[in-house]
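Participant: Structure incoming, see below.
FYI, it's all coordinate maths here, none of it is from the lab. Predicted, not measured: the structure shown is a model, and the values here were computed from it. Cβ placement follows ideal geometry from the backbone for every residue including glycine, while neighbour counts extend to all protein chains displayed.
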Amino acid sequence: MKVLLINPNTNRATTAAMVEIARASDPHARIDGATVRTGAPLLVDETLLAQGATAVVDLVRATDFAGLDGGIVAAFGDPGLDAARAICRVPLVGIAEAAMAEAAAGGGRFVVVTTTPLLVGAIERRAAAYGHGAAFGGVRLTVGDIDALMADPAALEAALARACERAIAEDGADAIVIGGGPLAVAARALAPRFAVPIVEPIPAAMRCLRARLARID
């Protein structure tokens, strides 16, 4: 399986980190990364998410997908996913789409844990659009300045862990989705620490894409 992982923000270090996690989750796949050329280094509100959507569509339109089997849109709002699918010759998967589906598959209640309060509405709309109304238990946010957290991996991991604990204790989460492409490294570290499943969006997207390609074959 040959995959293009598309980062809808402009941070190339984030792209590289997400590509490495995708490769670790599926060692038999060949994964390349692509970073959008315009937008912001972190998508923290709906205006920036919309800019990311435009940049994703522009990147897909300019990319030759010959030799590729599929692509992943690696920001949790799945920006530009629907429009990009309409013009792309290979299947595309969004990390929110895949992670929510995986979290809901167990039949319980899942909660999205993330750092971006101004994107709560966008996450809620995505959950509804993907048909998870009954299973979606809402969004639990980290406490603290988002820029400071993103600049300090240890502080980010600790803040996400506390939010996960509250999601389980107060929101009744049977599964937790770590909501954000740039949170992928922290998500990997958190996964073994809780009794409920912690869904990592990038590995979930790899599994979803492989399953879709198998159905096509």
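Participant: Could you rank the peptides 94-107, 35-48 by their average count of other C-beta atoms within 10 Å per residue, with the highest value first?
Facilitator: Numbers: 94-107: 23.0, 35-48: 18.4.
Listed from highest to lowest mean packing, they are 94-107, 35-48.
Participant: Roughly speaking, what is the centre-to-centre gap between the range 60-109 and the range 128-177 when only Cα atoms are used, to the nearest Å?
Facilitator: For the range 60-109 versus the range 128-177, the Cα centre distance is 22 Å.
Participant: Calculated FRET efficiency, ASP152 and ARG193, Cβ-Cβ r, R0 22 Å, to nearest 0.05?
Facilitator: Once rounded, the FRET efficiency stands at 0.75.
Participant: For the chain, what is the mean residue ellipticity at 222 nm derived from helices alone (per DSSP H run of n ≥ 4: -39500 (n - 2.57); sum divided by total residues; nearest 500 deg cm²/dmol)?
Facilitator: -15000 deg cm²/dmol
Participant: What shape does the range 28-106 take by its C-alpha gyration tensor, where a ≥ b ≥ c are the square roots of the eigenvalues and a/c under 1.5 counts as rounded, a/b above b/c as prolate, and the rest as oblate?
Facilitator: Note, shape of the range 28-106 comes out oblate.
Participant: How many angstrom lie between the C-alpha centres of the range 18-41 and the range 191-217?
Facilitator: 15 Å
Participant: To the nearest 10 degrees, how steeply does helix 120-129 sit against the main Cα axis of the chain, on a 0 to 90 scale?
Facilitator: Approximately 60 degrees, to the nearest ten.
Participant: Can you tell me the orientation of helix 46-62 relative to the chain, as the angle in degrees between its alpha-carbon axis and the longest Cα principal axis, to the nearest 10?
Facilitator: 30 degrees
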